[in-house]
Amino acid sequence: MSLAKVYRDVNLIRPVSYWDYSSVEIPWGKTSSYVVMKKVGRGKYSDCYRGLCLNNGRECCIKILKPVRMKKIKREVKILQDLTGGPHIIPLLDAIMNEETGIPAFVFPFIDGLDYIESFRSFSLFEIKCILFQLLEALEYAHQNGIIHRDVKPQNIILQYPSTASKSEDASLKDDREQERGERRYPELWLIDWGLAEFYHPGKEYNVRVASRYYKAPELLISLQDYDYSLDLFSVGCLTGSLLFGKEPLFKGTDNNDQLIKICKVLGTEELHQYLDKYGLELPKVYNGVLKEYPQVPWSSFINDKNREKCTPEALDLLSRLLQYDHQLRPTAKEAMAHPFFDEVRELVSSHTRMKFGGEEIK
């Protein structure tokens, strides 16, 4: 049995009502309170629209769910309720259901974010550090509350540069003040789509058909079902590599089987077998005669003239720690936040997070 290194018993010591989403009663709001406008995104389980709340005139994001079991809907609602107010976690404003069709939808604040694919290569190393630190803050909060996200990927991250001007002052004046204080702007992050998130219970066997292919951790690809929070950290590693090397995605398999092969071509085949042996697992038969003996490739081989300035020794060290086969050896979100890679931004981002979301420093 594989058990989480941290927050193993969080849901054992809390009342059943905290994690038992089967008994959740959703207070459905009225669809007449909202106007659906432009479609802004789509996924496997939902379509997202820019909308307008008629009660207050504010823009919102309306996530219209595709046919799915009510149990899954209740789980997402319960998790969003439990994480309300957490750093960089998008808040649920309302849950509505069309009375005629029975189609449910969730309402969130509308955030006009950056296009990741167009932007990720242009982020400076400073911005990359700030982006990743905020993501780890969100995951640390979720993990310490007994919740695994299970679908960390660029499409579930919203990045937005903070507005530099208030209604009462000129933008250039405010920029000058920030420069005088030595402050540097960076994109603010929101972690969204908690539809695949789940409560962690030690020893429980979970569905391995979660996460998006390019961001799947090895344990999902070899069907290790008693996984834990460390699943999210491999996905963070994939995102880290993408940002550092300007390569999206980092591992691009044609299907789930090929995805593991793509990972092996970098992390090594012998290392995979060592991982399997440690946990008493067998390589799925589908890989017989397909998975070759690939040597481990150093991350420094991904460096080129375009990304050299971003690929510092500290950056590559963090990456190598996150992208490990053995989930027990990956750093926790909290440990990753303490890595020297973030020394330049830790105090700045932490203070901004406390100011924006309140509370003490994430512990």
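Computed from the coordinates by the stated procedures, all read-outs in this text should not be read as laboratory data. All values derive from a computational prediction rather than experimental measurement. All Cβ positions, even for glycine, are placed from backbone atoms using ideal geometry, and neighbour counts span all protein chains on display.
Once you have a ≥ b ≥ c as the square roots of the Cα gyration tensor eigenvalues for the chain, tell me rounded if a/c is under 1.5, and otherwise prolate or oblate according to whether a/b is larger than b/c.
It is oblate, given that a/c is not under 1.5 and a/b is not larger than b/c.
Within the set of other residues whose C-beta is less than 10 Å from the C-beta of ASN207, count the net charge using Lys and Arg as +1 and Asp and Glu as -1.
Value of the local net charge: 0.
Rounded, prolate or oblate: which fits region 308-348, taking a ≥ b ≥ c as square roots of the Cα gyration tensor eigenvalues, rounded meaning a/c under 1.5, else prolate when a/b beats b/c?
Because a/c hits 1.5 or more and a/b fails to exceed b/c, region 308-348 counts as oblate.
Based on other C-beta atoms within 10 Å, arrange LEU244, LEU267, LEU329 from fewest to most.
In increasing order of surrounding Cβ atoms, one gets LEU329, LEU267, LEU244.
Could you state the number of Å between the C-alpha centres of region 220-248 and region 115-148?
Between the Cα centres of region 115-148 and region 220-248 lies a distance of 13 Å.
What is the diffusion coefficient of region 23-109 in µm²/s, taking the Kirkwood radius over Cα pairs and the Stokes-Einstein relation at 37 °C with a viscosity of 0.692 mPa s?
Value of D from the Cα-based Kirkwood radius: 246 µm²/s.
Determine the relative contact order of the chain: mean sequence separation of Cα pairs under 8 Å and six or more apart, normalised by residue count, in whole percent.
Result for the chain is 17 percent.
Please compare each pair in LYS252/LYS292; LYS30/LYS72; LYS30/LYS66; LYS153/LYS265; LYS5/LYS306 to a cut-off of 26 Å on the Cα-Cα distance and tell me which ones are over it.
Beyond 26 Å: LYS5/LYS306.
First check a/c for region 86-135, with a ≥ b ≥ c the square roots of the eigenvalues of its C-alpha gyration tensor; if it is under 1.5, answer rounded, and if not, answer prolate when a/b is larger than b/c or oblate otherwise.
prolate
Of ILE261, ALA105, GLN328, which is farthest on the positive side of the dipole of the chain, counting Cα position, with +1 on Lys and Arg Cβ, -1 on Asp and Glu Cβ, and the Cα centre as origin?
The Cα lying farthest towards the positive end belongs to ALA105.
Can you tell me the FRET efficiency between VAL68 and SER300 if r is taken as the Cβ-Cβ distance and R0 is 35 Å, rounded to the nearest 0.05?
Calculated transfer efficiency: 0.20.
Only Lys, Arg, Asp and Glu count, each charged at its Cβ (+1, +1, -1, -1), so figure out the dipole size of region 23-109 about its Cα centre, rounded to 20 debye.
With only Lys, Arg, Asp and Glu charged at Cβ, the dipole is about 400 debye.
Ranking LYS334, LYS356 by Cβ neighbours within 10 Å, fewest first, what do you get?
In order of increasing Cβ crowding within 10 Å: LYS356, LYS334.
Which one of SER300, LEU316, ILE90 is farthest out on the positive end of the charge dipole of the chain, using unit charges on Cβ (Lys, Arg +1; Asp, Glu -1) and the Cα centre as origin?
ILE90
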